[in-house]
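Input: a single structure, listed below in structure tokens.
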Amino acid sequence: MKKVLVTGGLGFIGSEAVICLIENGYEPVIIDNLFNAKVAVLDRIETITHFRPKFYEVDATDEEATEKVFAENEIDAVIHFAGYKAVGESVEKPLEYYENNLESLIVIAKCMKRHNVKNIIFSSSATVYGVPSRVPLYESDPVAEATNPYGETKVMIERILKDLQKADPTLNVGILRYFNPIGGHPSGLLGEDPNGIPNNLLPYVSQVAIGKLKCLKIFGDDYPTVDGTGVRDYIHVVDLAEGHVATLKKLEENPGYVVYNLGTGKGTSVLELVHAYEKANGVKIPYVIAPRRAGDVAENYADCEKAAKELHWRAKFTIEDACRDAYNFQKNNPEGIK
Ligand code: UDP
């Protein structure tokens, strides 16, 4: 397995995966519609790896354009990152989310079938577990009805891929359920670069750290957790990227349909994260306690033993490493990547 089509390959997670693929001897071919990414990311990938991967400005819902990419390249495997990802926005615009996220998967699957491509890794999410009745979360836990359309697209795509694999047992499907990816490339060249005001905690904290935003609002301090603030499993994006390479290697063994949690196995509260950020970077993060955010759960973290055992993969970076790399990127790119 050599040539890997990476959809959304210029995004926050996709670009790290591309670097990791290159470092492991794979040849990534990127498609990205630049909806949530900048073309300059390609230059930065080249600076880091000294290799410029092939890039197509293509929307994965565009079947004709995507088909052309498959026709021009002998693709061995697909890693499908591309998709809309904002939980709140998905509640406002469910039709756009279902249309975009489902259609791109269907287009990719049709192209794979036509070109006899037998391996796909899909970016799923811990959101498929719904409101956890206990933690940690195991891959064998039931997939619940999602609390928002974004999450429901992940549930639906997992199901579609399962049905496709059942119909064609020679297909290998790796479902990766991400917990909370944070951090950036240790070079400071790549990191999280959201459009507008960040929804997620770490990019918000980073923008407070450089004075772009005034003050962090901590959504709730009365949860039944260690200090009352929400607990999540934050994983360094480079660790996450390496989980994809480990899964590609697994797919070479023809395992059929496999599901893995990618997290650290450890929960961190909002306050713990803020303090780790302050300590790692020698900065002060002003915060206020605000009401709970609708739809948030108290505590959410992964059991990662299945990935450790079957993929020989474990997250290596600490929360402090991730805070340092996130700050480094933010400091170097106060207005994001141009
Ligand atoms: N959070 C917060 N303030 C923010 C953004 C997030 O207190 O401005 C909290 C949120 O309530 C949750 C945690 O940080 O407990 C992680 O939220 P995020 O949106 O990053 O990820 P989620 O786990 O919700 O997907």
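The values are calculated or read from the model by the stated rules, or taken from the named source; none is laboratory data. All values reported here derive from a predicted model rather than from experimental measurement. Neighbour counts run over all protein chains shown; Cβ positions are idealised from the backbone, glycine included.
For region 291-327, filtered to residues that are more than 27 Å from G174 (Cα to Cα) and part of a helix (DSSP H, G or I), the residue that is nearest to the ligand (Cβ to nearest atom) is A326.
Within region 222-239, if we keep just the residues that are of a type in the set (D, E, K, R), surrounded by 16 or more Cβ atoms within 10 Å (Cβ to Cβ) and not in a strand (DSSP E or B), the residue that is nearest to the ligand (Cβ to nearest atom) turns out to be D233. Has region 47-60 got any residue that is within 15 Å of G191 (Cα to Cα), touching a Gly at 6+ places or on another chain (Cβ under 8 Å) and outside any loop (DSSP other than H, G, I, E, B)? No; the residues of region 47-60 include none that is within 15 Å of G191 (Cα to Cα), touching a Gly at 6+ places or on another chain (Cβ under 8 Å) and outside any loop (DSSP other than H, G, I, E, B).
So, restricting to strands (runs of 3 or more DSSP E) that lie completely within region 113-221, which ones have at least 2 residues that are of a type in the set (A, V, I, L, M, F, W, C) and either surrounded by fewer than 16 Cβ atoms within 10 Å (Cβ to Cβ) or modelled with pLDDT of 95 or more (or both)?
On the way: elements: 119-125, 172-178, 180-182, 216-219.
Of the strands (runs of 3 or more DSSP E) lying wholly inside region 113-221, those with at least 2 residues that are of a type in the set (A, V, I, L, M, F, W, C) and either surrounded by fewer than 16 Cβ atoms within 10 Å (Cβ to Cβ) or modelled with pLDDT of 95 or more (or both) span 119-125, 172-178, 216-219.
When the residues of region 246-278 are filtered to those that are in a helix (DSSP H, G or I) and of a type in the set (S, T, Y), the one that is surrounded by the fewest Cβ atoms within 10 Å (Cβ to Cβ) is T247. Considering I79, I108, I31, the condition of being of a type in the set (V, I, T), closer than 20 Å to G184 by Cα and touching a Ser or Thr at 6+ places or on another chain (Cβ under 9 Å) is satisfied by I79 alone.
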